[in-house]
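What follows is a set of notes on a single structure, which appears directly below.
The values are calculated or read from the model by the stated rules, or taken from the named source; none is laboratory data. Predicted model, so just to flag it, every value in this text is computed and none were measured. Methodologically, a virtual Cβ is constructed for each residue, glycine included, from the backbone with ideal geometry; neighbour enumeration extends over all protein chains shown. Keep in mind that these areas ignore ligands, DNA and RNA; they rest on the heavy atoms of the full protein, side chains included. Shrake-Rupley method; radii C 1.70, N 1.55, O 1.52, S 1.80 Å.
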Amino acid sequence: MRINLVNPNTTLSMTAKIAAAARAVAAPGTEIRAVSPAMGPVSIEGHYDEAFCVPGLLEEIAKAEAEGFEGHVIACFDDPGLDAARELARGPVVGIAEAAMHVASLVAGGFTIVTTLPRSIPAVERLVERYGFARHCRRVRAAEIPVLALEEPGSPARERLRAEIARALSEDRCEAILLGCAGMADLAEALSAEFRLPVIDGVAAATKLVEALLGLGLATSKIGAWAPPRAKPYSGAFARFAPR
Ligand code: 5HY
């Protein structure tokens, strides 16, 4: 099977990290292709960045569909553009936040999400509500890390993340930790070993869920919420995005 991963930000070192995390868990017969849009923010930290990552993300989903990729992962913990991508794609589209929450709910009685900056907390809390995991989620925390600090060798990012996980373990009654940024994907295994509980990376979780959905012969239902967009003209710079 062929799975397309889109890192909606334009930082290629993070895209490579995401690809490595997916390939580490993909089944032998699964092709993983990871891309970033040609246009958009270098990192997604809040609603404005999130809004401007979506057009480029959707363009990559459409291209991958035309190239015959069978399923897609949106590799950003805001799950940006998830509903629009599901309208556009035939194959399953899984966001890393939703994937991480489903997987955590199967292995832990309750989880804490540790994301990057405090400003990202409300959006993640809204996803917890939207996906129906309010009963499972003990807290959404931020480790005070700018997203791109995760790409800088020698930055304090890893230490800050460890410290926030330690606080979660002592205060939240959590039984699993979800890493609230795709850029943390390479840290899950070591953190899980250090803190002796499941530390879940949404990139790996989403990759395996897409494999599972494809293995079940499932594609996105097109008769309701995610029916294809209706054909209509779009004007100006968005003309090329018009649904046909
Ligand atoms: C992510 N931002 O996973 C989110 C995390 C965040 O560029 N990739 C990003 O802080 O919202």
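Worth pointing out:
- Toward the positive end of the charge dipole of the chain, with +1 on the Cβ of Lys and Arg and -1 on the Cβ of Asp and Glu, the farthest Cα among 228, 99, 148 is that of 228.
- Fully extending the segment from residue 163 to residue 90 would add 22.1 nm, taking 0.36 nm per residue of separation and subtracting the current Cα-Cα distance.
- Computed over the chain, the per-residue total of -39500 (n - 2.57) for DSSP H runs of n ≥ 4 gives a 222 nm mean residue ellipticity of -13000 deg cm²/dmol, rounded to 500.
- Against the chain, whose longest principal axis is taken from its Cα atoms, helix 157-171 shows a tilt of about 70°.
- Between the alpha-carbon centres of region 44-102 and region 160-203 there is a gap of 24 Å.
- The overall shape of region 199-238 is oblate: from the C-alpha gyration tensor, with semi-axes ordered a ≥ b ≥ c, the ratio a/c is 1.5 or greater and a/b is no larger than b/c.
- Each Lys or Arg adds one and each Asp or Glu subtracts one; over the other residues with Cβ under 15 Å from the Cβ of residue 173, this totals +2.
- Within straight-line reach of residue 63, meaning a Cα separation under 21 Å, sit the following lysines at least 8 residues removed in sequence or on another chain: 222, 232.
- Compactness index (Cα Rg / 2.2 N^0.38 Å), region 97-203: 0.96
- Net charge of neighbours whose Cβ lies under 14 Å from the Cβ of residue 48, counting Lys and Arg as +1 and Asp and Glu as -1: -3
- Two-site label geometry, residue 125 and residue 223: point separation in nm, points 7 Å out along Cα→Cβ: 3.9 nm
- If R0 equals 30 Å, the separation of the Cβ atoms of residue 24 and residue 144 corresponds to a calculated FRET efficiency of about 0.60.
- Projected area, mean over directions - the chain, Cα convex hull, nm²: 12.9 nm²
- For residue 171, the solvent-accessible surface computed with a 1.4 Å probe is close to 110 Å², ligands and nucleic acids excluded.
- Between residue 240 and residue 172, the distance separating the two model label sites (each 7 Å from Cα on the Cα→Cβ line) works out to 4.0 nm.
- Take the Cα of residue 231, step 7 Å toward its Cβ, do the same at residue 33, and the gap between the two points is 2.6 nm.
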